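Since the structure comes first, as structure tokens, the remarks are kept for the end.
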Amino acid sequence: MSTGVLPMGCLGAVRCQTSGAERSAAVPKRRILVMGGTGRVGGSTLRALATVPDLHLIVAGRNREKGEALAAELGGGAEFSQFDIDNAAALRAALNGVDLVVHAAGPFQRREECSVLEAALDTKTAYIDVCDDKEYSRRAKSFHQKAIMMQVPAITTTGIYPGVSNIMAAELVRLNQKSSDNGTATSSLPKRIRYSYYTAGSGGAGPTILATSFLLLGEEAIVYQDGKEVRLKAYSGRRDVDFGKGIGVKPVYLLNLPEVTSTHEVLGVPSVSARFGTSPHIWNVAMAAVAALAPKGFLEDRSKVETLVRWSDPWVRALDGIAGERMSMRVDLDCQDGRKAVGIYSHKMLSVCVGVAVAAFARAVLEGSAQPGVWFPEEVGGIAEDARLKLLERASKGTLQFVMNKSPWMVEADPKEVGFGIYLQ
């Protein structure tokens, strides 16, 4: 079992007793294993973590050639561990002595078992995943009590979207809460959260992320309207959203994403939706057509979707060379008193910023920001309120634009970037 993950408070106690050279000598490098490390998201995460001192990185996956090449690229003693995530015994053995496991071996859609999370709990290893599937995240949450009993912090749905977008929504809600005369915050202020995501081309996606997109087209999009769950056709409900400078106005469409339900339940927001769009626009047309015309059950069959991915992958990569991979996400908060607030995050390369975002969550967990249990990012047990600012600061490194808690007109007319000091005021 891992001895590197201590109950909350223990890490702080160790840090208070040692400092400088003493700490370097007393505390070994923290060991992080990235499951799916040879994939696009896992590799990006490892490259981001390689810039952080005092970490020992483990590239975990099935492809030895790719894994050993990446470990050599990362340097710093990084190593490769080869095994299949469906082998429970191998999983537990691999996690022995590991401080944190990052589960990036998607797609998560139609996956019935939370095998990596279960192995993490059995070995008392801290855990985060990059799940973007509502049902899988719910299965992960069902292990909450066991995680508390085992004193293991775990966060599901980390990354860019969902992940950083959830933290942005939580901060918008917190910053716009009104205070009553006795100093307590009113509980009914948030009225609506709209998540809007844009990625040029496939965002440099590999086959796994492409498969995720097709699998999501086979699910009805869950939205909440005035507290009621509503199911709508995937890739319907077009909205034209202004993502600000460097991106502009883009069409986005409804998808079934886990942050919709978690935002409704955790933050108490009555109306929530999530939309996604891409460019060139022909891809939006194609995705809407697939969602509308694919035979019933086709997009629910992983093997058939994998065949579709193999056929479409060369065409996607060819267009990616033209479209690039800029991305943006916009979170809109409407308050019950009529106030509106916006957060925007834009980056020139999705393949880079997704790793930066996952690394920010990983560092927060290692620093003791998460309590034992299985959490969504916006839950205070997941990323504590006083740790959100540091996470957003790290995750926004290299962005084209990062704006928080601004009025919509300031974003749409002439976006103004804000420093974190201004953001907190």
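The values are calculated or read from the model by the stated rules, or taken from the named source; none is laboratory data. On a predicted model such as this, the values are computed, not experimentally measured, just so you know. As a convention, Cβ positions derive from the backbone with ideal geometry for all residues, glycine included, and neighbour counts pool all protein chains shown. Note: accessible area is taken over every heavy atom of the protein model, side chains too, but ligands, DNA and RNA are not part of it. Shrake-Rupley method; radii C 1.70, N 1.55, O 1.52, S 1.80 Å.
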If Ala93 satisfies all but one of (1) surrounded by fewer than 16 Cβ atoms within 10 Å (Cβ to Cβ); (2) touching a residue at least 12 places away in the same chain (Cβ under 8 Å), what's the number of the condition it fails? (2)
Please indicate, with yes or no, whether at least one residue in region 372-383 is among the β-branched types (Val, Ile, Thr) and open to solvent by 10 Å² or more (accessible area, probe 1.4 Å). yes
Anything in region 99-118 that is of a type outside the set (A, V, I, L, M), open to solvent by less than 20 Å² (accessible area, probe 1.4 Å) and either in contact with a Leu (Cβ under 8 Å, 6 or more places away or on another chain) or outside any loop (DSSP other than H, G, I, E, B) (or both)? List them, or say none. Asp99, His103, Pro107, Gln109
When the residues of region 67-85 are narrowed to those that are out of contact with any strand residue (DSSP E or B) (no Cβ under 8 Å at 6 or more places or on another chain) and modelled with pLDDT under 95, which ends up most open to solvent (accessible area, probe 1.4 Å)? Asp84
For region 251-268, enumerate the residues that are buried (at least 23 other Cβ atoms within 10 Å of the Cβ) and either in contact (Cβ under 8 Å) with a residue 40 or more places away in the chain or part of a loop (DSSP other than H, G, I, E, B) (or both). Val252, Leu255, Asn256, Leu257, Pro258, Glu259, Val260, Ser262, Thr263
Check on Asn166, closer than 30 Å to Gln336 by Cβ and in contact with an Asp or Glu (Cβ under 7 Å, 6 or more places away or on another chain): yes
Taking the options Val411, Val342, name whichever one is of a type in the set (A, V, I, L, M), open to solvent by less than 20 Å² (accessible area, probe 1.4 Å) and modelled with pLDDT under 95. Val411
Considering only residues that are assigned to a helix (DSSP H, G or I) and without any contact (Cβ under 8 Å) to a residue 24 or more places away in the chain, look in region 353-404 and name the one that is farthest from the chain's Cα centre (by Cα). Asp386
Only residues that are open to solvent by 40 Å² or more (accessible area, probe 1.4 Å) and modelled with pLDDT under 95: list them for region 125-149, please. Glu135
Qualifying residue in region 283-303 (condition: among the aromatic types (Phe, Trp, Tyr), at pLDDT 90 or above and under 26 Å from Met349 (Cα atoms)): no
Name the single residue, out of those in region 150-172 being part of a helix (DSSP H, G or I) and open to solvent by 10 Å² or more (accessible area, probe 1.4 Å), that is nearest to Leu389 (Cα to Cα). Tyr161
Tell me which of these Asp122 doesn't satisfy, since it passes every other one: (1) under 23 Å from the mean Cα position of the chain (by Cα); (2) open to solvent by 10 Å² or more (accessible area, probe 1.4 Å); (3) at pLDDT 95 or above. (1)
